[in-house]
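Asks: Here it is, the structure, as structure tokens.
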């Protein structure tokens, strides 16, 4: 069995953003040379997420609205965590959206459904964040 590891950096100029990283993962699969196996992708930060869903702008706005209702950014004073920071909402949003995805690799390609795409969700941006890709297989 072979393994491949890659880390890439995401930097968003805004506090929150969804970024389609599907092609980045596909490139990693090609680089790995693995034809059959599994790909794990996870954010290495506690205020960002990796998840699978549809790449549709209305849905992205729905995510923003829904997450903001569940864990509003402000007022900062509503969170105990915000004694030293102002990002408690980002921690909660990350928990809701998830840490990682695992995707099957078949015939050297990501085995995704018709509309499935992989997203990096940033909830406390404006600084560099690392994303891990780990691929195992043959």
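The values are calculated or read from the model by the stated rules, or taken from the named source; none is laboratory data. Remember, predicted model here, so these are calculated numbers, not experimental data. Heads up, the Cβs are rebuilt from the backbone with ideal geometry, glycines too, and the neighbour counts pull from every protein chain shown.
Asks: So which residues in region 10-24 are part of a strand (DSSP E or B) and under 12 Å from the mean Cα position of the chain (by Cα)?
Replies: 10, 17, 18, 19, 20
Asks: Within region 121-135, track down each residue that is under 13 Å from residue 41 (Cα atoms) and in contact with a helix residue (DSSP H, G or I) (Cβ under 9 Å, 6 or more places away or on another chain).
Replies: 121, 131, 133, 135
Asks: State yes or no: is residue 108 within 12 Å of residue 45 (Cβ to Cβ), in contact with a helix residue (DSSP H, G or I) (Cβ under 7 Å, 6 or more places away or on another chain) and in contact (Cβ under 8 Å) with a residue 60 or more places away in the chain?
Replies: When the stated conditions are applied, residue 108 does not pass them.
Asks: Out of curiosity, is residue 74 touching a helix residue (DSSP H, G or I) at 6+ places or on another chain (Cβ under 9 Å) and loosely packed, with under 13 Cβ neighbours inside 10 Å?
Replies: yes
Asks: Being within 17 Å of residue 131 (Cα to Cα), loosely packed, with under 14 Cβ neighbours inside 10 Å and touching a residue at least 12 places away in the same chain (Cβ under 8 Å) is the filter here, so list the residues in region 22-32 that pass it.
Replies: 31, the sole residue that qualifies.
Asks: Condition first: modelled with pLDDT under 95 and closer than 11 Å to residue 124 by Cβ. Now tell me which residues in region 63-85 satisfy that.
Replies: If the condition is that a residue be modelled with pLDDT under 95 and closer than 11 Å to residue 124 by Cβ, then 85 is the only one that fits.
Asks: Can you name the residue in region 33-71 that is assigned to a strand (DSSP E or B) and surrounded by fewer than 16 Cβ atoms within 10 Å (Cβ to Cβ) and, of all such residues, is nearest to the chain's Cα centre (by Cα)?
Replies: Filtering region 33-71 for residues that are assigned to a strand (DSSP E or B) and surrounded by fewer than 16 Cβ atoms within 10 Å (Cβ to Cβ), the one nearest to the chain's Cα centre (by Cα) comes out as 40.
Asks: When region 72-87 is examined, which residues are found to be outside any helix (DSSP H, G or I) and over 21 Å from residue 129 (Cα atoms)?
Replies: 72, 74, 75, 79 - these are the residues of region 72-87 that are outside any helix (DSSP H, G or I) and over 21 Å from residue 129 (Cα atoms).
Asks: Something else about it: Of all residues in region 79-88, which are without any contact (Cβ under 8 Å) to a residue 40 or more places away in the chain and either in contact with a strand residue (DSSP E or B) (Cβ under 9 Å, 6 or more places away or on another chain) or surrounded by 11 or more Cβ atoms within 10 Å (Cβ to Cβ) (or both)?
Replies: 79, 81, 82, 85, 86, 88
Asks: Shifting gears a bit: Could you grab me the full set of residues in region 93-116 that are over 11 Å from the mean Cα position of the chain (by Cα) and not in a loop (DSSP other than H, G, I, E, B)?
Replies: Residues satisfying the conditions are 93, 95, 96, 102, 103, 104, 105, 106, 109, 110.
Asks: Give the residues of region 117-138 that are surrounded by fewer than 18 Cβ atoms within 10 Å (Cβ to Cβ) and assigned to a loop (DSSP other than H, G, I, E, B), sorted by residue number.
Replies: 126, 127, 138
Asks: I'd like the residue in region 1-21 that is out of contact with any helix residue (DSSP H, G or I) (no Cβ under 9 Å at 6 or more places or on another chain) and buried (at least 17 other Cβ atoms within 10 Å of the Cβ) and, out of all such residues, is nearest to residue 119 (Cα to Cα).
Replies: 21
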